[in-house]
Amino acid sequence: MNKFYVALMFLFCWPALALTVETPLADGVQEARARALFHEIRCVVCAGEPVADSRAEVARDVRRLIRERVAAGDGDEMIKAFLVARYGDSILMTPPLKPATYLLWFGPLLIVILAMGLVFYYFHRPRRL
């Protein structure tokens, strides 16, 4: 009968075991740096959401990793470089301006210019009667 109660207890307590509480850094300045970095790093799973707002497990791991690196004394740029090396440029909320990302930065402007040119051509072309 005792085994039944233990099994019943685990059955009803299972959701509580799934919750994990993130422990902030003891130093307030380091925790503030880590939280600022959370807003600069994109969640790998969520589209366009920073890890600060994401509830995904990968985002939780990235937040833990950032806290570990901040506690170890790494600078913000070192932490970003480490994450870019691990996940690629897409992990940054603001990707760097380099030849590989030119289309990302200037693509929307090119599309607008092309659309304006097509509209101008359409309305100013010679009419045939």
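What single numbered condition from (1) under 30 Å from residue 50 (Cβ atoms); (2) among the hydroxyl-bearing types (Ser, Thr, Tyr); (3) in a helix (DSSP H, G or I) fails to hold for residue 94?
Failed condition: (3).
Residues checked against (1) closer than 24 Å to residue 24 by Cα; (2) surrounded by 15 or more Cβ atoms within 10 Å (Cβ to Cβ):
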position: 56; (1), (2): yes, no
position: 76; (1), (2): yes, yes
position: 85; (1), (2): no, no
position: 102; (1), (2): no, no
position: 114; (1), (2): no, no
position: 118; (1), (2): no, no
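Step by step: first the residues of region 31-53, then only those that are at pLDDT below 90 and surrounded by 15 or more Cβ atoms within 10 Å (Cβ to Cβ), then the one that is farthest from residue 90 (Cα to Cα). Which residue is that?
Here the answer is 46.
So is residue 115 over 16 Å from residue 37 (Cβ atoms), over 30 Å from the mean Cα position of the chain (by Cα) and small (Gly, Ala, Ser) or not? If you could, list the steps in order and put the result at the bottom.
On the way: over 16 Å from residue 37 (Cβ atoms): yes; over 30 Å from the mean Cα position of the chain (by Cα): yes; small (Gly, Ala, Ser): yes.
Here the answer is yes, as residue 115 does meet what is asked.
Taking region 66-91 only, how many residues are in a helix (DSSP H, G or I) and without any contact (Cβ under 8 Å) to a residue 24 or more places away in the chain? It would help to see each step written out before you state the result.
To start, the set of residues in region 66-91 that are in a helix (DSSP H, G or I) comprises 66-71, 76-87, 89-91.
From the residues that got through so far, the ones that are without any contact (Cβ under 8 Å) to a residue 24 or more places away in the chain too are 68-69, 77-78, 81-82, 84-86, 89.
Qualifying residue count, region 66-91: 10.
The values are calculated or read from the model by the stated rules, or taken from the named source; none is laboratory data. Values in this document were obtained by computation on a predicted structure and should not be read as measured data. Positions of Cβ are backbone-derived with ideal geometry, glycine not excepted, and every protein chain shown enters the neighbour counts.
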